[in-house]
Amino acid sequence: MDSLRQFILPILAWLLALQQTQGYAIQHEPAERRMHPVFNFKSALPTEHTIHKRAMPMINFDAPIAEEEYSHYWNSIGQNILEKQIAEKAQLNTNLAKNIIMFLGDGMSIPTLTAGRVYLGGEEKQYSFERFPYVGLSKTYCANTQVADSACTATAYLGGVKTNYGTIGVSAAIEANDCLGQNNSIHHVTSIAAWAQRQGMATGLVTTTSVTHASPAGVYAHVANRNWENDAEVLSDNGDPLVCTDIATQLVHGEVGRNLNVILGGGRKHFLPNTVRELEGELGARLDGHNLIKEWQAMHGRDAHYVQTRDELLNLPTTTTRVMGLFGANHMPFHLDADATLTPTLAEMTSIALDILERQSNGRGFFLFVEGGRIDHAHHDTLAMKALDETAEFDKAISLAHARTDVRDTLTVVTSDHSHTMSVAGYSSRKNDIIGVNNGQLADDQLPYATLSYANGPGFDYNVLKANGAIKRKNLHKIDMKRKDYPFPSMVPLESETHGGDDVAVFATGPYAHLFTGNYEQNFLPHAMSYAACLQSDNSAKRSACTDGLLRGRT
């Protein structure tokens, strides 16, 4: 018996090793081996194995650089990070935050950041803001829903108060469509832009969406329905525009909106009557006959300029005190679709905003809100390539602003309002095309699958074949996944992919950036920003670095 055992055991060990190195397993394999298969990415493996349904495609992988194969390479990186962390955190920056810049990547989930790094060139890449010294996580739920929208979150990260899904700048006492309730100032939630204006700071907003969309509206509006961007939308919900003022009107005539020095984004149709065609030929949406663009111009005089094209924006007079730039009938086009001669980039808009705010601050500083808003829209359509490209454009704006400002007196906070349902699936080799087919294994139906996919959304119908009541996945090798409008696969068919309920990351640098570490409610953000800048809000106990005796007022 012992001699038989000595003969059989080496054979079993050899078979087990063969099973692991060739990337397939026998039927009824143990759960751990089924859940965590081990692949030899350096071996060119045959595709014709049928013993296991997840047979490896033929791949040949080498480390991006040879040094990665050696321990000293990774130890050196670890030590370099350690030295950087120690140096950056050895002394806290407790200066007055003279300026505050808040960057909001709408729908910029953590998987979006991960996939975006590979899109930029590799898993080891970093966005500029990922090099900020302080990072935290914020919880994004609304007062009445597990998964948030951009309206309730804007009220949280700009006003410091959690509210109901679909409402902006009002407390959770106001239900959606409560026309009368939105006018009751008792329920109004003011934003950090309002607090900054009272302190004499210059203020502005920049977005790639309509300037009346949910996120930018959080800067200046109080509304019971985020869709009420113009008076026609109010009427469509049986509201009275004379009672519940639409968002565009609040931007032009509201207390905070009319005092903004910079308004840049899309949304021309919301400001024009339905008898007037805007630059792209689309009729305005307003039914009240108001041309709010002309009203804005008349209100602010000759040093306030309205622009519609990139050239007009980049050639503003240096005497400009205020600018309203509207670069689309509704949202600005995706960067991959834009005519670069007509449409400014987010970085270009941010640069012009900084020029004006720095001039108009009169030494008292500024607050600037910048939104990469179309990350979200691409995800809703399961257009993963566009979502990652919009994230890359968002990072360019952050990099520019960080280079233009001084961390000694400028607090920069980068975050997202909510996540999405896109995931990054295993197990591709390093540097595998993130917007292509996963090269680690086949699915149980013997077809390849995408590394990026969504839990729900319109990508379902595009990526399946339906015949005689049966549904079968399409072969992704026969689909052009590099097409910018390719809808990535989703599990549940929905006309529009939903947001996700994950926490989102917060990155910070500058005065009191250390306050943004840890895990916290999303509505904490403006409280921390106002503390660093010694702003007084309506919605807090009025605690600041100044009242704590750490600073003596503004300079």
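Averaging the sequence gap over all C-alpha pairs within less than 8 Å and six or more residues apart, then dividing by the number of residues, gives the stretch 427-493 a relative contact order of 35 percent. Putting +1 on Lys and Arg Cβ atoms and -1 on Asp and Glu Cβ atoms, find which of A151, A505, G436 reaches farthest to the positive end of the dipole of the chain. The one lying farthest along the dipole's positive direction is A505. The H on the amide N of V276, modeled in the peptide plane, is under 5 Å from the matching H of G284, each at least 5 residues off or on a different chain. Computed over the chain, relative contact order equals 22 percent, with contacts defined as Cα pairs under 8 Å that lie 6+ residues apart. Using the average count of surrounding beta-carbon atoms within 10 Å as a protection proxy, the listed peptides 377-386, 267-276 rank, highest first, as 377-386, 267-276. Only helices enter this figure: runs of n ≥ 4 DSSP H residues, each worth -39500 (n - 2.57), summed and divided by the residues of the chain, yield -8500 deg cm²/dmol at 222 nm to the nearest 500. Taking the C-alpha atoms only, the angle from helix 110-120 to the longest principal axis of the chain is near 80 degrees. Calculated FRET efficiency, S76 to I110, Cβ-Cβ distance, R0 = 22 Å: about 0.25 to the nearest 0.05. Using the basic label-point model (7 angstrom from Cα toward the beta carbon), what is the R364 to A176 distance in nanometres? A separation of 4.0 nm, rounded to one decimal place. Between S399 and I65, the FRET efficiency from the beta-carbon distance, with R0 = 22 Å, is close to 0.35. Each Lys and Arg contributes +1 and each Asp and Glu -1, all at the Cβ; summed about the Cα centre of the stretch 113-176, the dipole is approximately 120 debye. Once backbone amide H atoms are built at 1.01 Å from N, H420 has S109, G500 as its partners under 5 Å, excluding neighbours fewer than 5 places away on the same chain.
Just how large is the dipole of the chain about the Cα centre, in debye to the nearest 20, putting +1 at every Lys and Arg Cβ and -1 at every Asp and Glu Cβ? List each step's numbers first, then the result.
Numbers: 46 positive and 60 negative charges, 165 e Å.
Charge dipole, the chain, about its Cα centre: 800 debye, nearest 20.
Take every Cα pair under 8 Å whose residues are at least 6 apart in sequence, average their separation, divide by the length of the stretch 143-275, and the relative contact order is 25 percent. Model label points for D406 and K466, set 7 angstrom from Cα along the Cα-to-Cβ axis, are 6.3 nm apart.
When peptides 110-117, 442-449, 84-91 are sorted by average Cβ neighbour count within 10 Å, with the highest value leading, the order is 110-117, 442-449, 84-91.
Across the stretch 171-178, rounded Karplus estimates of 3J(HN,Hα) from the backbone phi angles (6.51 cos²θ - 1.76 cosθ + 1.60, θ = phi - 60°) give 6, 5, 5, 9, 7, 4, 6, 7 Hz, Gly and Pro being marked x.
A simple charge model with +1 on the Cβ of Lys and Arg, -1 on the Cβ of Asp and Glu and nothing else charged puts the dipole of the stretch 393-444 at about 200 debye relative to its Cα centre. Here the chain exposes an accessible surface that is 54 percent carbon and sulfur, computed with a 1.4 Å probe and the other protein chains kept in place. Inter-label distance, A443 to N144: 3.8 nm, where each label sits 7 Å from its Cα along the C-beta direction. Calculate how steeply helix 346-360 sits against the longest principal axis of the alpha-carbon atoms of the chain, using the helix alpha-carbon long axis, and give the answer as 0 to 90 degrees to the nearest 10. Tilt of helix 346-360: around 30 degrees. Once the Cα atoms are used to define both axes, helix 150-159 deviates from the longest principal axis of the chain by about 60 degrees. Among the listed values [x] 32.3; [y] 26.0; [z] 34.8, the one computed from these coordinates for mean projected area of the Cα convex hull in nm² is [x]. The slack between A455 and D538, meaning 0.36 nm per residue of separation minus the straight C-alpha distance, is 25.9 nm. Once the Cβ-Cβ distance of S185 and D237 is raised to the sixth power relative to R0 = 30 Å, the FRET efficiency obtained is 0.85.
State the extension gain, in nm to one decimal, for the chain segment bounded by D311 and T547, taking 0.36 nm per residue of separation less the distance between their alpha-carbons.
Values: separation 236, 0.36 × 236 = 84.96 nm, distance 4.56 nm.
My answer for the length gained is 80.4 nm.
A 1.4 Å probe run over the chain, with the rest of the protein chains in place, finds 43 Å² accessible per residue.
The values are calculated or read from the model by the stated rules, or taken from the named source; none is laboratory data. Given the structure is predicted, the values throughout are model-derived calculations rather than measurements. Cβ atoms come from the backbone with ideal geometry, glycine included; neighbour counts cover every protein chain shown. Keep in mind that these areas ignore ligands, DNA and RNA; they rest on the heavy atoms of the full protein, side chains included. Shrake-Rupley method; radii C 1.70, N 1.55, O 1.52, S 1.80 Å.
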